[in-house]
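The values are calculated or read from the model by the stated rules, or taken from the named source; none is laboratory data. Predicted model, so just to flag it, every value in this text is computed and none were measured. Please note: Cβ atoms are built from the backbone with ideal geometry, for glycine as well, and neighbour counts cover all protein chains shown. Only protein heavy atoms, including side chains, enter the accessible area calculation; ligands, DNA and RNA are left aside. Shrake-Rupley method; radii C 1.70, N 1.55, O 1.52, S 1.80 Å.
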Amino acid sequence: MGEIEDAIERAGQEGFTRPPPKTVQGRISYLMRQLGSARAVAAEIGVTADSVNRYRRGARKHPRADVAARIDAAVRQRWQPQVRKRRQRQAATTGGITVETRARFGYTAPVGTTDDGRFRRLTVNLPAPYAQRLFDAHHAGAGEQQMRNIIAEGFKDVYFQDGGSRATGISDVAISEIDYLDLGY
């Protein structure tokens, strides 16, 4: 996954109203309810169906670190989907999203001005239409670059041009070399 996909996933997990199961046995039982069979869970986490049944019964309590990480990822991916959808819907209609990043920003500007890219640390509240476009692109399976372009366009409008009241000569903003990116909604 790319930086933006990871940020969307983390932001969705911050809104959980209940914590996911903590024990391996509880997590495997949850995955069994979600996926329907030990074979399906085994295919998801990369172990045998017998191992899944041992984890479910409690005969094995400590999976290898890589298997534990895959179990955790599978549970978090499926945990409270309605809470996630509700928060995304609210951000896309009224609340917008907060983007915090440290990245290299460059832009196309009129002749005689400096348009060299430089690292900036920014925290910007993007309005709901940009959140809607970002979530739509994410759900449609858009690439990392397309989602970067949506965020860059939001930064251009909100941060660089301040809604059209300054820097109107900037025609294109680009984000490259992302150190970190975090979303909140």
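Brief remarks on what is shown
- Any hit, the stretch 33-40, residues being within 30 Å of residue 185 (Cβ to Cβ) and open to solvent by 60 Å² or more (accessible area, probe 1.4 Å): yes
- Residue satisfying all of: in the stretch 14-25; within 14 Å of residue 72 (Cβ to Cβ) and exposed (fewer than 11 other Cβ atoms within 10 Å of the Cβ); modelled with the lowest pLDDT among these: 19
- Residue match in the stretch 32-52 (condition: assigned to a loop (DSSP other than H, G, I, E, B) and within 25 Å of the chain's Cα centre (by Cα)): yes
- Test: residue in the stretch 54-77 that is in contact with a helix residue (DSSP H, G or I) (Cβ under 8 Å, 6 or more places away or on another chain), charged (D, E, K, R) and open to solvent by less than 40 Å² (accessible area, probe 1.4 Å): no
- Taken across the stretch 70-77, residues that are acidic (Asp, Glu), in contact with a strand residue (DSSP E or B) (Cβ under 6 Å, 6 or more places away or on another chain) and not in a loop (DSSP other than H, G, I, E, B) do not occur at all.
- Some residue of the stretch 23-31 being in contact with a Lys or Arg (Cβ under 9 Å, 6 or more places away or on another chain) and part of a loop (DSSP other than H, G, I, E, B): yes
- Condition met for residue 28 (in contact with a strand residue (DSSP E or B) (Cβ under 6 Å, 6 or more places away or on another chain), at pLDDT 90 or above and at negative phi): no
- Among the candidates 163, 169, 106, residue that is touching an Asp or Glu at 6+ places or on another chain (Cβ under 8 Å), more than 29 Å from residue 20 (Cα to Cα), surrounded by 12 or more Cβ atoms within 10 Å (Cβ to Cβ) and modelled with pLDDT under 80: 106
- On inspection, residue 11 fails the criterion of being of a type in the set (A, V, I, L, M, F, W, C), surrounded by fewer than 18 Cβ atoms within 10 Å (Cβ to Cβ) and either without any contact (Cβ under 8 Å) to a residue 24 or more places away in the chain or within 27 Å of residue 184 (Cα to Cα) (or both).
- Hey, residue 119 open to solvent by less than 40 Å² (accessible area, probe 1.4 Å), modelled with pLDDT under 90 and either polar (S, T, N, Q) or not in a helix (DSSP H, G or I) (or both) or not: no
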